[in-house]
Amino acid sequence: MDTVRILIVDDEKVIREGVARALSGRGFTVDKAESGERGIEMIKQSGFDIVLLDLMMPGIDGFAVLEWIKEHEPQIQVIVVTGFATVSKAVTAMKQGAFDFVGKPFTPDYIRIVVDRAVDKITLRAEAEELREERSLSLNTIQQEQSRLKTVFGCMAEAVLITDPEGVVVLHNPAAIKLLEIQTDPVIGKPFSESISDSVALQMIEEAMSNGVVVTQEFKPGSISRRYLRAHCSPVVSSSGVLLGSVTTYEDVSTNKEIDRMKSDFVAMVAHELKSPLASIEQMIYALQVDCKYEALQSCNKLHSRMTVRTKDLLRLIDNLLNLSKLESGTVVFNLEATRGHDIIKDIVEVAAPQAEARNIEIRYLPCQEEWWFNVDYDHIRTAIMNIVSNAIKYTPDGGSVDITTSLSGGFANLVFSDSGIGISQEDLPHIFDRFYRVKGKATRHITGSGLGLSLVKEVVEAHQGYIDVRSSPDQGTTFTMSFPIVERVNAE
Amino acid sequence: MTDKKQILLVDDDPDFVEAVKVIVESGGYDVQVAYDGQEGLEAVAENKPDLIVLDVMMPVMNGHEACAKLKGDDATKEIPIILLTAVADRVTTSTYTHRDMLESEAEDYMPKPVEPQELLERIKSWL
């Protein structure tokens, strides 16, 4: 602690000097006052730790000073100095809160012992004060910790139900009521089975408590909740081995289950999409072995060329699948550059022309008057538009037509592709962008494809902040509309 | 009509149909083709075959449905049916339900693709 400050209040100069001398050289600050009034004044001004106080003084006497100190500066230790003749007065002073007394005449040693004791007391008090502060701080922390735990418990998404050894619910969180759809009120204080009437749910708690093991159980929708739940029940055992109850957490795993289901569906779908064409190819290989023995070369060649086509289709399907997966995982880097809309469409129409001419289909491209530019990855968008044009040709009977028009509105360029093809039924229409979805029927029987083309187109268009829409009437034709945000014309460098 | 036995092939993949047709014809049979269950039933009604090779997974009407219809009709229940399936291992997903072959009333079943000698022997055994 800091330097101890001592004040001597005595009307007798000899005593003041004597006490001061006895305490000198011990590291104390010592001040002197010759009267009660002066003493109080000095205490008000400077503040002291210990006051050595003469009881018998003219004016304000020692008792009055003591009373003032106890009222205004109770932390000051007061040592009363008094003659042996008035020892009873010293006792009274002690009762009023003085720390100790020194009888006159006194030896310097005795003064030092008494003062040292007072110093010790002050030190102890300071330490006790520190401890008390620490204690109240840690109490605060515990309280905070408790309220934090309570908040966590209350906000948890998982349902928590706690029972005693008899299976009576002693605590639960709000999620338990919500997730387990409990309608019992109140839940606490009643057997678990009263709120959840499911034998499996009850059994897992009993098993956890009687075997002292963690029990995990899954609950299908409709058993204890509308959601798919995974529950863990742990027994709670005290350090001395006494069973205190059980804690069961219920976690909503519906989303995981749904993803699992989609994943296995997808794998099965891919397996099927790969296996079917392979089975056909293998069948053609078998047929070829048989055929080449008995039939003309021409038939043999036909099988051979179909096998080549199907193998190429299969490879393209795998490529498309990889592309789609790359697009969906966001690992494709698009090299966006301002591209003139007219250029890209003109290029596609030229490339598609032979395919159309071979089947006597007319492609008519009617661009809008305005020039427009859009910010796209040229290769990806070209492939996407090409896919739409190529589909239009594929699904249009010989001698039909494909019309391509463009228009600008509201900051978007609209690309419209209309064919006079076989069209798509209302049942099929909502699914045509689904992976592997292929319209099956007499008219499409001989048209091959992976069923991934439109899924890819949609992914690419949307990655460019564009939209794709489709309208169709069976036997009349299909119209695909693509819309892309246009950008300011960029001057070629 | 020839005195050759009539075999009806039903599968939605034209290449597969063509390949199996070549094989079956090499065994000295006449082959009719259809590309889904519904067409298969129509073909049977028009020209009753001696045996049907029927794919399971087909659009419009699948092989199981077509098989049940044929077996449920006194006029056609005697025609032997060999079911073909690509998913011989039992994979059940929400999209493709693969029914246990044992539940089917078909006389026989074979996984795709079918080995030519095996197919011809099976056909022969049911005729």
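The values are calculated or read from the model by the stated rules, or taken from the named source; none is laboratory data. The structure presented is a predicted model; accordingly, all values stated were derived computationally and were not measured. Ideal geometry is used to build each Cβ from the backbone, glycine not excepted, and the neighbour counts take in all protein chains shown.
Do we find a residue being away from chain B (no Cβ under 14 Å), on the phi < 0 side of the Ramachandran plot and part of a strand (DSSP E or B) anywhere in the stretch A:190-197? If you could, list the steps in order and put the result at the bottom.
Of all residues in the stretch A:190-197, those away from chain B (no Cβ under 14 Å) come to A:190-197.
Filter once more, so that each one left must be on the phi < 0 side of the Ramachandran plot: A:190-197.
Imposing the further condition that a residue be part of a strand (DSSP E or B) reduces the set to A:191.
Yes - at least one qualifying residue is present in the stretch A:190-197.
Residues in the stretch A:215-242 that are of a type in the set (V, I, T) and farther than 19 Å from A:V169 by Cβ: A:T216, A:V242. Does A:K302 count as free of Cβ contacts under 8 Å to residues at least 12 places away in the same chain and either within 14 Å of chain B (Cβ to nearest Cβ) or part of a helix (DSSP H, G or I) (or both)? Spelling it out, A:K302 is indeed free of Cβ contacts under 8 Å to residues at least 12 places away in the same chain and either within 14 Å of chain B (Cβ to nearest Cβ) or part of a helix (DSSP H, G or I) (or both). Step by step: first the residues of the stretch B:74-127, then only those that are among the small types (G, A, S) and more than 16 Å from B:I52 (Cα to Cα), then the one that is modelled with the highest pLDDT. Which residue is that? Within the stretch B:74-127, the match that is modelled with the highest pLDDT is B:A86.
Scanning the stretch A:50-71 for residues that are touching a residue at least 24 places away in the same chain (Cβ under 8 Å), part of a helix (DSSP H, G or I) and either under 23 Å from A:F28 (Cα atoms) or not aromatic (F, W, Y) (or both) yields A:G62, A:A64, A:V65, A:L66, A:E67, A:I69, A:K70. Residues that are under 23 Å from the mean Cα position of the chain (by Cα) and either farther than 19 Å from A:R227 by Cβ or not in a helix (DSSP H, G or I) (or both) within the stretch A:150-171 comprise A:K150, A:T151, A:V152, A:F153, A:G154, A:M156, A:A157, A:E158, A:A159, A:V160, listed in sequence order. Flag not set for A:I142, criterion: over 18 Å from A:S225 (Cβ atoms), assigned by TED's automatic domain parsing to the domain that holds A:T86 and over 23 Å from the mean Cα position of the chain (by Cα). Of all residues in the stretch A:309-326, exactly one satisfies the criterion of being farther than 26 Å from A:E462 by Cβ, of a type in the set (A, V, I, L, M) and surrounded by 15 or more Cβ atoms within 10 Å (Cβ to Cβ), namely A:L314. Every condition in (1) within 7 Å of chain B (Cβ to nearest Cβ); (2) within 14 Å of B:D15 (Cβ to Cβ) holds for A:M307 except the one numbered (1). With the structure loaded, tell me whether B:D30 is within 12 Å of another protein chain (Cβ to nearest Cβ) and at pLDDT 90 or above or whether it fails that test. So B:D30 does not fit the description; no. Among what's in the stretch B:33-49 and is more than 12 Å from B:I79 (Cβ to Cβ) and within 14 Å of another protein chain (Cβ to nearest Cβ), pick the residue that is surrounded by the most Cβ atoms within 10 Å (Cβ to Cβ). Step by step, filter the stretch B:33-49, then rank; the result is B:G37.
Pick from A:E328, A:E273: which is within 41 Å of the chain's Cα centre (by Cα), within 14 Å of chain B (Cβ to nearest Cβ), in a helix (DSSP H, G or I) and under 22 Å from A:F433 (Cα atoms)?
Only one candidate qualifies: A:E273.
Residues that are away from every other protein chain (no Cβ under 11 Å) and in a loop (DSSP other than H, G, I, E, B) within the stretch A:436-456 comprise A:G449, A:S450, A:G451, A:L452, listed in sequence order.
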